[in-house]
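Below you'll find the structure, written out as structure tokens, and then a few comments.
The values are calculated or read from the model by the stated rules, or taken from the named source; none is laboratory data. Owing to the predicted nature of the structure, the values given are computational and were not obtained by experimental measurement. Don't worry about glycine lacking a Cβ; one is built from the backbone with ideal geometry, like all the others, and counts go over all protein chains shown. Protein only, heavy atoms only, side chains kept; ligands, DNA and RNA dropped before computing areas. Shrake-Rupley method; radii C 1.70, N 1.55, O 1.52, S 1.80 Å.
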Amino acid sequence: MNTHALRFEHYVNGRFIADTAATIEVRNPADETVLGQVPDGDVALAEQAIAAARAAQDGWAARPAIERGQFLHRMATGIRNNAEPLARTIVLEQGKLLPLAQMEVGVTAEYLDYMAEWARRIEGEVITSDRPGENIFLFHRPLGVTVGILPWNFPLFMVARKVAPALVTGNTAVIKPSEETPYSACAFARIAAEAELPAGVLNIICGRGRTLGAALVGNPAVDMVSFTGSSAAGSAIMANAARNTTKVSLELGGKAPSIVLADANLDQVAGILRASKALNSGQACNCTERLYVERSVCEALAEKLANAFNSVSVGNPLGATPVEMGPLINRTAVDRIQSLVDDARQQGADVLAGGSGSAAGQGYYFAPTVVSGTKPGMKILEREVFGPVVMIDPVDSLEEAIALANANEYGLTSSIFTNNLTSAMRAINQLKYGEVYVNRENFEAIQGHHAGVRRSGIGGDDGKHGLYEYMHTQVAYIQS
Ligand code: NAD
């Protein structure tokens, strides 16, 4: 396959369209070099892609589900056959380490296969009627044209996460990748084309959120918007979609708390957090941001964490020296995190490890950082950091830890580290979060259901429940 790895062309109605007026610069976050320019698609492009998806939808939905699933399997094979160039593209445009990018490619293929396997498993219901001689049937029907709007942190996997459930259930899709990481999505489009996906079933177009993204979301011909990204953009998308009563599924930000009880294995906790923060430079929505630790072990854990974080080697993922953590996505992220850490420091918090980012021109790096002594009202405690920073503070009881964990507007993921089953169950029952991990964090399973509450979202991805988001029910009453 020629992925044309670092060239973006819109994929609309089965054709690749080169946009000569490419105006969005894409940089390698590891060294700030310019990788290329990509187009900022306009309203006309959005309309063209939606029209193509609309025209293809009836024919696509009319195919047996097993046939739709076969296309997904073929795309999975295409992904596996191109694993190395795809992983390299991910590293170049997003900055994660090569092993994680390779894992992302593998999970992308697995996700396509997993959703394809639902083809024979979508079942309706026969409901008992109150009327003599009547049968009531419940069907699950495709919604129609779906729009997927993606973040940059898993730029290839996110395409599959939106495309696979949409397509297997008989919908067609228009995907807008993040303008920070468009090349992985374009490579996905080439694989879809090679799998001979019928024209218009999948369309992948590039542009900024406020222009192309808003045009897609606000288009009355769209039946569902599935969005993963920040809570602020999620609210704007929901308001825009509301004008046409378009269904939304929103996977938004998080501020994951982890509770550590005194009986936990502290070395294990420090190791898990080190790995989780280094993993994608902390840019995963389910990485711990706040640690609430039983007072008797808090200082010991803080010391272990500081040592662990100080020992992480940071640098260019494709450089000559192997590293354990790469850069953040862009300069804005470095500056934003720096200002959160500085603000906490000025208000009396202690920075136990790290605390600073790289200077301009050196790539977008931020040292793994441990902050203690935070107080309610500090921005770092309330806002999503989305980087390699963790706050650690003592608590006097499990109840206090749960109350502090819940005292936040986000509700995506949470964790507890303990060997006491009763404490773990109490936390599971009382944490107001879409996910609770016990003695681990990161990653969710493709057969689970990744879904936040409160400002973390509405609806969700993955598993049976994520799949059923892409269908509406239809009830038939048959009187004999
Ligand atoms: P972002 O919200 O800035 O952008 C995400 C996408 O939305 C981009 O494609 C962008 O162009 C588009 N967009 C922005 N404003 C828009 C608008 N008004 N209308 C239509 N489209 C618009 O997010 P990001 O910086 O790319 O990603 C990081 C965020 O994503 C973090 O908050 C993180 O927690 C969240 N995230 C959540 C999950 C989850 O599963 N809940 C997973 C990954 C990332």
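Brief remarks on what is shown
- Relative packing of 236-242, 223-229, 394-400, which averages over residues the other C-beta atoms within 10 Å, highest first: 223-229, 236-242, 394-400
- Antiparallel bridges, percent of DSSP beta bridges restricted to the chain (to nearest 5): 45
- For segment 79-198, carbon and sulfur atoms together expose 50% of the accessible surface, with a 1.4 angstrom probe and every protein chain in place.
- Only Lys, Arg, Asp and Glu carry charge here, each on its Cβ (+1 for the first two, -1 for the last two); on that basis the chain has a dipole of about 620 debye about its Cα centre.
- Taking all Cα-Cα distances within the chain, those exceeding 33 Å account for 39%.
- Percent of Cα pairs exceeding the 22 Å cut-off, where the set is segment 256-449: 43
- Of all lysines in the structure, those lying under 16 Å Cα to Cα from Lys464, and not within fewer than 8 positions of it along the same chain, are Lys162.
- Protection proxy ranking of 252-265, 373-386 - average other beta-carbon atoms within 10 Å, highest first: 252-265, 373-386
- For segment 68-114, convex hull of alpha carbons as volume per residue, Å³: 58
- Of all DSSP beta bridges in segment 256-449, antiparallel share, percent nearest 5: 15
- Accessible carbon and sulfur surface of segment 367-480 relative to its total accessible area, %, 1.4 Å: 54
- Fully extending the segment from Gln346 to His472, taken as 0.36 nm per residue of separation minus the present Cα-Cα distance, adds 40.2 nm.
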